[in-house]
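Q: Input: one structure, supplied below.
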C-alpha cells in the first residue's frame, strides 16, 4: 500500500511567464507579467510555433528544469530516469528528474534542480534514508516528518560539464551552462543540468525509489509505493548509454521491461533551440542513438532437452527416496 509522505496546497506555488530571445550564439530569458499559480500555468501551456529554430523571440508559459543525473554505484555509472504519469498530457513516460521553477528562483534554476533531486530520488538503506550534499551545502530532507534520514554518510552531488552555448537570465549568464530548449507543444523553456551523484561506499543493501507529486482534488500529494519503485537505472559504458533498464532493490539490479515504453521529450531530437515532439518511443530513441537492445536469451534445443532430462532424473531420485 502506498504511503503518503506530504500534502501541499498547489495555490502556494507561483511562477512567471517568460520572454525568450534566441540567436545562433545564445539564448536569454526574463520574466514578464504577473505571477501565476499552478492551474493558471497549465492553462497557458498550449502549442506555439517559430519560423526559425535558431533565431526567434517568443513569450512562453513557464521555465522548467531537469537533471540528467549520472549515478555512480559500485564503480559503475548509470543515468537515472523516473516514471511519471503526466496528468496534463494524458500519458506515461520515463523522464529525467524535473520540475517547474518557482518565481523566486527564475534567476537561480540550479537551486530548483538540486531540490528536485532531493524530492524525487530517494535512497533507502537498513539504517534509514540517505541525505545528500551539493558541494558544501546540505540538501533538504523534504520528507523528514514521515521518513527517518541517516545523518551520515551522505550521497554527494556535483556539477558535470555543461552545454556549449550560453544561456542568460536577463543579463546574468548561468555559469553551469545547462542545455536549453523551447518545447513548442507546451510553450515552455526547459533547462537540463548535468549532475553526478556519488553513493557512499558505506551505504549497503541500497534500494532506490521515486516519488512525485500528483494533483488530487485541491491538494498536491506525494506518496511512496514500495511495490512500484518507479526509479530506473540505465547503465553507461565509456559515458555512452547501454540499451538496458534496471531497478535497484537491496543492492540487486532487477531488469525492467521496455515493452511499449516511451521517453519524455528531452530524449527527442532537438532542432536548433526547439523540440517539437511530445515524447519518443524507446525503440525509436535506440535507433537514433545507434543502440541495439539485447534480446532475451532463448535456450537451444539441446539445452531444453538437457533441462528436461535433468528434471526427470531429479523426479526419479525423489521417488526412490520416498
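Q: Any chance you could count how many residues in segment 82-95 are on the phi < 0 side of the Ramachandran plot and not in a strand (DSSP E or B)? I'd like the intermediate steps shown before the answer.
A: Step one: list which residues in segment 82-95 are on the phi < 0 side of the Ramachandran plot, which gives 82-89, 91-95.
Now drop any that are not not in a strand (DSSP E or B), which leaves 87-89.
Of the residues in that region, 3 qualify.
Q: Being more than 20 Å from residue 124 (Cα to Cα), out of contact with any strand residue (DSSP E or B) (no Cβ under 8 Å at 6 or more places or on another chain) and assigned to a strand (DSSP E or B) is the filter here; which residues of segment 235-263 pass it?
A: Result: 237, 240.
Q: I've got another one for you. Here are 66, 28, 98: which of them is over 22 Å from the mean Cα position of the chain (by Cα), within 25 Å of residue 114 (Cβ to Cβ) and either touching a residue at least 40 places away in the same chain (Cβ under 8 Å) or not in a helix (DSSP H, G or I) (or both)? Talk me through it step by step, then tell me what you get.
A: Numbers: 66 fails: over 22 Å from the mean Cα position of the chain (by Cα); 98 fails: over 22 Å from the mean Cα position of the chain (by Cα).
After ruling out the rest, the residue left standing is 28.
Q: Tell me the residue from 104, 43 that is in contact with a strand residue (DSSP E or B) (Cβ under 9 Å, 6 or more places away or on another chain), surrounded by fewer than 19 Cβ atoms within 10 Å (Cβ to Cβ) and assigned to a helix (DSSP H, G or I), please. Let's see the steps before the verdict.
A: Details: 104 fails: in contact with a strand residue (DSSP E or B) (Cβ under 9 Å, 6 or more places away or on another chain).
After applying the criteria, what remains is 43.
Q: Shifting gears a bit: Provide a single number: the residues in segment 199-231 that are free of Cβ contacts under 8 Å to residues at least 60 places away in the same chain and not in a loop (DSSP other than H, G, I, E, B).
A: Of the residues in that region, 1 qualify.
Q: Could you tell me whether any residue of segment 146-153 is loosely packed, with under 15 Cβ neighbours inside 10 Å, more than 29 Å from residue 228 (Cα to Cα) and touching a residue at least 40 places away in the same chain (Cβ under 8 Å)?
A: There is no residue in segment 146-153 that is loosely packed, with under 15 Cβ neighbours inside 10 Å, more than 29 Å from residue 228 (Cα to Cα) and touching a residue at least 40 places away in the same chain (Cβ under 8 Å).
Q: Among the residues in segment 211-233, are any more than 26 Å from residue 127 (Cα to Cα), modelled with pLDDT of 95 or more and in contact with a helix residue (DSSP H, G or I) (Cβ under 6 Å, 6 or more places away or on another chain)?
A: Scanning segment 211-233, I find no residue that is more than 26 Å from residue 127 (Cα to Cα), modelled with pLDDT of 95 or more and in contact with a helix residue (DSSP H, G or I) (Cβ under 6 Å, 6 or more places away or on another chain), so the answer is no.
The values are calculated or read from the model by the stated rules, or taken from the named source; none is laboratory data. Being a predicted model, the structure only gives us computed values, none of them experimental. Cβ coordinates were reconstructed from backbone atoms using ideal geometry, including for glycine residues, and neighbour counts include every protein chain displayed.
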